[in-house]
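Take a look at the structure set out below.
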Amino acid sequence: MNCERIAELLPDYLQGGVTIDQASQVEQHCQLCNNCAQDVAVWKKLALVPPAQPSPGSRARFEAMLHAYQTISEERARSAEIARKPKIVWSLFDWLRSPLAASAWSVALLAIGVLIGARFGIGTNVASPSQSEELTAMRSELTNMRQLVALSMLQQQSASERLQGVSWSGREAHLDPQVQSALLHTLRCDSSVDVRLAALDALGRHASQPQVRQGVVDALQEQQSPLVQVALIDQLAEWRDPEAAQRLRNFGQTPNLNPAVRQRAEWAISKLQ
Amino acid sequence: MNSVPDEDVMLQVRNGEVDMLGVLFDRYQTPLYNFYAKMTQDRVISEDLVQEVFLRILRYRQTYRPGTTFRTWMYQIARNTRIDQVRRTRPETPLVSEPVAPTSLSDSAQHKQEAATLQRALMHLPEDKRELLVLSRFQELKYDEIARLLGCEVGAVKVRIHRALRQLRQVFLQLESGVPATDSHGALDHSLPPGRRLQ
């Protein structure tokens with residue numbers, strides 16, 4: 001049996017989907033053909049690549065997302081209800097309940113159903129221009145949803161949920177202005193040092209935005225925790241923003257400053273000059 | 001709860017019992033994480049993508065059609081999420097990332113080395129070939145399931161898997177013999193900062 005014939009059997013052989021007879025044909029061929037034997041060997045060796053485990057915090061992050069999503073949905077439903085109420089015209093409402101309107105609704109719902117089916121159908125890989133517009137709209141909606149989830153998480157009572165919110169918000173390539181302002185607020189005012197540090201870490205990736213750099217410099221004046229103060233100083237030194245040097249000098253003269261923090265500020269000033 | 005089929009749980013989620021999504025998360029977070037870890041070699045990105053998949057399931061739960069295999073539907077979402085992530089990734093804004101850490105180590109040093117070489121060889125394949133091998137070998141998806149996922153014939157899947165395996169073998173043997181692998185990278189590989197790959 002030649003390689004071409006074996007090529008037809010090999011994929012099924014690899015997943016154990018051949019008869020005993022076919023398996024022995026493949027094995028006999030592999031004794032004579034080095035290339036096919038090596039294909040099989042490499043497939044088997046893939047078992048050596050060990051499985052990986054998600055980090056233990058993954059479940060908590062999921063729960064925070066779920067909680068935030070539910071909060072957003074409830075808020076949306078409430079505001080939709082408030083917006084709808086004053087507009088109800090009772091005669092129109094009565095008409096909507098008539099049999100004629102019921103059929104109109106059925107047709108409309110069917111059309112919506114067909115549209116949704118076409119839009120999200122599985123296995124449709126070729127996108128027409130209108131589909132690609134829909135996909136773009138869907139992606140932008142998802143970005144908004146991610147941002148809403150992040151914003152909602154940043155306002156949660158529990159520090160661990162706020163921490164999840166920071167990690168949801170900081171990884172977008174482009175920081176949404178609302179998320180940016182929420183992160184800067186978190187950096188200045190959050191009661192937990194861990195959350196403030198995480199916010200700084202997230203903001204640190206967006207040094208190209210002047211408001212972020214300005215916000216980090218401003219946060220330094222308000223910080224009480226030496227741990228966060230040192231992290232802020234390190235961030236400013238890393239950005240090599242010469243304008244930060246003067247602010248650091250002023251900060252270094254703050255009375256009752258922790259000596260380690262003062263030393264770090266002096267080190268950063270020397271780096272920036 | 002373990003015995004309830006995925007599809008029934010998903011229907012409950014679709015009907016508004018969104019807390020039930022936790023059951024599906026517990027069942028699939030590790031397989032999905034492994035899918036992304038093998039595709040990206042990046043722990044942070046893989047975890048983000050898993051979360052994103054479940055956010056999308058939640059957001060688009062109404063589009064889940066009864067009778068559809070949940071796993072296939074989920075992997076469809078997972079593939080789209082990955083495609084979007086590649087589009088969003090900008091080489092000039094690298095994230096601080098950590099490579100994927102295996103949870104168990106092979107017995108012998110040789111096995112460890114071979115596993116590392118195989119990982120590198122996988123990353124040398126174009127995205128579509130790597131994906132086929134990951135789905136069929138690591139995620140243990142049957143060929144007909146992959147065919148439904150990709151929207152093609154089962155026969156075409158088998159041919160493409162065989163080609164992908166052949167290319168993997170060539171790259172693996174080149175890397176093993178110390179010859180730098182020929183440039184068979186997918187466009188995606190160029191978009192990933194080198195620090196994110198498993199060395």
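Throughout, read-outs are computed from the coordinates displayed, never taken from laboratory work. Please read all numbers here as calculations on a predicted model, not as lab measurements. Reconstructed Cβ throughout: ideal geometry from the backbone, glycine too, with neighbour counts over all protein chains shown.
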DSSP-loop GluC sites (Glu not before Pro) across the range A:191-251, with at most 16 other Cβ within 10 angstrom: none
Distance (nanometres) between label positions extended 7 Å along Cα→Cβ at residue A:254 and residue A:71: 2.9 nm
Solution diffusion estimate, µm²/s, Stokes-Einstein, the range A:164-243, Kirkwood Rh from C-alpha pairs, 25 °C, viscosity 0.890 mPa s: 199 µm²/s
Cα-projected label distance for residue A:218 with residue A:78, points at 7 Å along beta-carbon direction, nm: 2.9 nm
Cβ neighbours within 10 Å from other chains - mean over A:237-243: 0
10 Å Cβ neighbours from other chains, averaged over peptide B:129-136: 1
Fewest-first sequence of A:168, B:73, A:267 by Cβ atoms within 10 Å of each Cβ: A:267, B:73, A:168
Descending semi-axes in whole angstrom, ellipsoid equivalent of the range A:10-86, from the Cα gyration tensor: 57, 18, 9
Calculated FRET efficiency for the pair residue B:11/residue A:227, C-beta based, R₀ 45 Å, to 0.05: 0.40
Taking N as its residue count, the alpha carbon Rg of the range B:3-90 over 2.2 N^0.38 Å: 1.07
Simple spin-label estimate for residue B:110 and residue B:87 in nanometres, 7 Å along Cα-Cβ: 4.7 nm
18 Å Cα-Cα threshold exceeded, pairs from A:44/B:112; A:45/B:112; B:112/B:142: B:112/B:142
Rg/Rg_globular for the range A:41-84, with Rg_globular taken as 2.2 N^0.38 Å and Rg from C-alpha atoms: 2.30
